[in-house]
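Below: one structure, written as structure tokens.
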Amino acid sequence: MAKHSILGQLYRDGPKTPKALAVAEGVQPQTLTRVLAELEEAGFALRTQDELDRRQFKLEITPVGRELVIRDAQNRASWLASAMESSLTGVEREVLRLSIQLLDKLADTPSLDRADGATG
């Protein structure tokens, strides 16, 4: 799972340092050492030197890694659509669609302080 999560981050956010990836994953950078090496060895990620701090390096997703993320997202979306079609009634699908709209609306509400739940 960590590999898919890291590739997803690199796909969405662009190149990141191992430390930034670890923070986003909620682990220590040392924990990701092997995972990052495996992503590089498989050709899914590429290590590049940080332009601002030559002592640091960043990882970026390769075209092969990008294709893997896209294919995985397509497979998941296809599975979900099929499961929804075969398992939910039309009314249930409509309720789900409306629920998603409501969650999007809440997520876009600027007055919410997501850290502690206080309103502004």
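The values are calculated or read from the model by the stated rules, or taken from the named source; none is laboratory data. These numbers come from a predicted model, not from an experiment. Every residue, glycine among them, receives a Cβ derived from its backbone with ideal geometry; neighbour counts consider all protein chains shown. Remember, those area values only see protein heavy atoms, side chains included, never the ligands or the DNA or RNA. Shrake-Rupley method; radii C 1.70, N 1.55, O 1.52, S 1.80 Å.
Ranked highest first by average number of other Cβ atoms within 10 Å, how do 61-70, 84-93 line up?
Order by mean packing, descending: 61-70, 84-93.
Accessible surface for the chain, divided over its residues, is 73 Å² per residue with a 1.4 Å probe.
As I understand it, the value is the acute angle between the Cα axis of helix 29-41 and the longest principal axis of the Cα atoms of the chain; what does it come to in degrees, rounded to 10? For 29-41 against the chain, the angle is about 90 degrees.
Relative contact order, percent, of the chain when contacts are C-alpha pairs under 8 Å separated by at least 6 residues?
Details: 95 pairs, mean separation 24.1, N = 120.
Rounded, it is 20 percent for the chain.
Can you bin the chain into rounded, prolate or oblate? Criterion: square roots of the alpha carbon gyration tensor eigenvalues sorted a ≥ b ≥ c, rounded for a/c under 1.5, prolate for a/b above b/c, oblate for the rest. Oblate shape, in that a/c is at least 1.5 and b/c is the bigger or equal ratio. About the Cα centre, and with charges only on the beta carbon of Lys, Arg (+1) and Asp, Glu (-1), how big is the dipole of the chain? Nearest 20 debye, please. Using only the charged Cβ atoms, the result is roughly 220 debye.
Ignoring ligands, DNA and RNA, what percent of the 1.4 Å accessible area of the chain is carbon and sulfur? With neighbouring chains kept in place, the figure for the chain is 57 percent.
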